[in-house]
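Supplied in structure tokens, the structure appears directly below.
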Amino acid sequence: MLRIGETILIPEATPDGIVLASIYPSLPGVDHSTLRDAVFQDFEHIQHLRFDPVSACNVRCVFCHSDFSGAVRQLAPEAFRAAMRFSMPKLQNISVGCAYEPLMGKFFESYPSMMPRKHPAGVRARIITNGLLLHKKDISPWVEFGLEYIHVSVHSHLADVYERTMVGASMRQLCDNLRAVRLKFPDLRINMINVVCKENQVHIGDYCRWAFDEIGADRVDIYRAAFAGNRQAGYPATSYVERFSNEMSRSPALTDEEWATTVDEVSKFMGGPLRGNIHALGAAISTLILRRTEVVRDDQPLH
Ligand code: SF4
């Protein structure tokens, strides 16, 4: 963990060898004054840069493991500019939104103009959002920069299930926002994410049809929710697991058989049996990626 001025930089390597770095305006429990300053060598191998414009979110998803116990901090333009002064000759992707909700960032629209020209051509951006503030923020500067897709967390197509799983969200606002984005940016990819646990494991096949046909999504990712054993008080998941376990005498995580039911529902939507094509169905398979005409499997953890 390093620091750039008042902000925190966490470099890491993914299992497939990608050099990733994440910038946070703050993190609970981290005293940034004890960290060493980042230097140019810390940036020269970065391929994928993620940053959070703010350390806050406007909803609370029941399975969320982001820590909301700290003070809300914005990523100030001068802090972002300071990070962008370092050359990143291998940079390929920038993700806006990492652990919190980027559209709550006061300076969300201004970061693209701070990107230095010396980065490699063809760097693409992605926005990782719950989509609920798309009517309040303008994504045009990011589209002009090279926005590849927006990755929108929508954990049900049923208003009551959606609003119960994403506490504080409004299904009507979400649908208005996504349809407006689809109309205004017809070439922009919309990837919808559904993280499934007992709270929202209903009609996943219908969810896919709704996402593709009514919202105009290009891709749907279905994740099997996992709940960490080491739970912090600031995680929404912590209180949810306690409440669910007390009421139902079981974990809200799907069993292998329940996950298999979800896979079956998706296969029905896709028009063909999936179970026979997936080896070791169960704990090893945690993600289904669906496009209109194909299904692939991926066992990478949720990020
Ligand atoms: S998982 Fe839900 S609560 Fe957590 S940051 Fe994303 S939208 Fe917010």
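Check the chain for me: any Cys whose beta-carbon has no other cysteine beta-carbon within less than 4.7 Å?
Cys57, Cys98, Cys175, Cys197, Cys208
In degrees, nearest 10, range 0 to 90: what is the angle between the Cα axis of helix 236-248 and the longest Cα principal axis of the chain?
20
List the residues whose amide H sits under 5 Å from the amide H of Ala125, counting only those 5 or more places along or on another chain, with H placed 1.01 Å from N in the peptide plane.
For Ala125, whose amide H was placed from the backbone, the distant partners under 5 Å are Ile94, Leu147, Glu148.
Could you compute the FRET efficiency for Glu257 and Val167, with r as their C-beta to C-beta distance and R0 at 45 Å, rounded to 0.05?
On the way: r = 28 Å, r/R0 = 0.61.
Computed FRET efficiency for Glu257 and Val167 comes out at 0.95.
Right, next: Treat each spin label as a single point 7 Å out from the Cα along the C-beta direction, and report the Glu214 to Phe40 distance in nm.
According to this spin-label approximation, the distance is 5.4 nm.
In nm, what is the difference between 0.36 nm times the number of residues separating Asp138 and Asp264 and their Cα-Cα distance?
Working: separation 126, 0.36 × 126 = 45.36 nm, distance 3.86 nm.
Result for the pair: 41.5 nm of gain on full extension.
Report ³J(HN,Hα) in whole Hz for each residue of the stretch 173-187, in order, from the Karplus equation J = 6.51 cos²θ - 1.76 cosθ + 1.60 where θ = phi - 60°; Gly and Pro get x.
The phi angles translate into 5, 4, 4, 4, 5, 5, 5, 5, 5, 4, 6, 6, 10, x, 8 Hz.
Can you work out the PRE-style zone for Val123? Point 7 Å along Cα to Cβ, and I want the residues of the stretch 1-36 with backbone N under 17 Å.
In the stretch 1-36, the label zone of Val123 (backbone N under 17 Å from the point 7 Å along Cα→Cβ) covers 4, 9-12, 19-24.
List the relative contact order of the chain as a percent without decimals, with contacts defined as Cα pairs under 8 Å and 6+ residues apart. Each step should come with its number before you reach the end.
Values: 584 pairs, mean separation 42.1, N = 303.
Answer for the chain is 14 percent.
I would also like to ask the following. Give the residues of the stretch 156-172 whose amide nitrogen is closer than 14 Å to a point set 7 Å from the Cα of Asp206 in the direction of its Cβ.
Backbone N within reach: 156-162.
Taking 0.36 nm per intervening residue step and subtracting the Cα-Cα distance, what contour gain separates Ser239 from Glu109 on full extension?
43.4 nm
Every read-out reported here was derived from the displayed coordinates using simple, explicitly stated rules and does not represent laboratory data. Computed from a prediction, not measured in an experiment: that's the story for all the values here. A quick note on method: Cβ atoms are made from the backbone with ideal geometry, for glycine too, and the neighbour counts reach across all protein chains shown.
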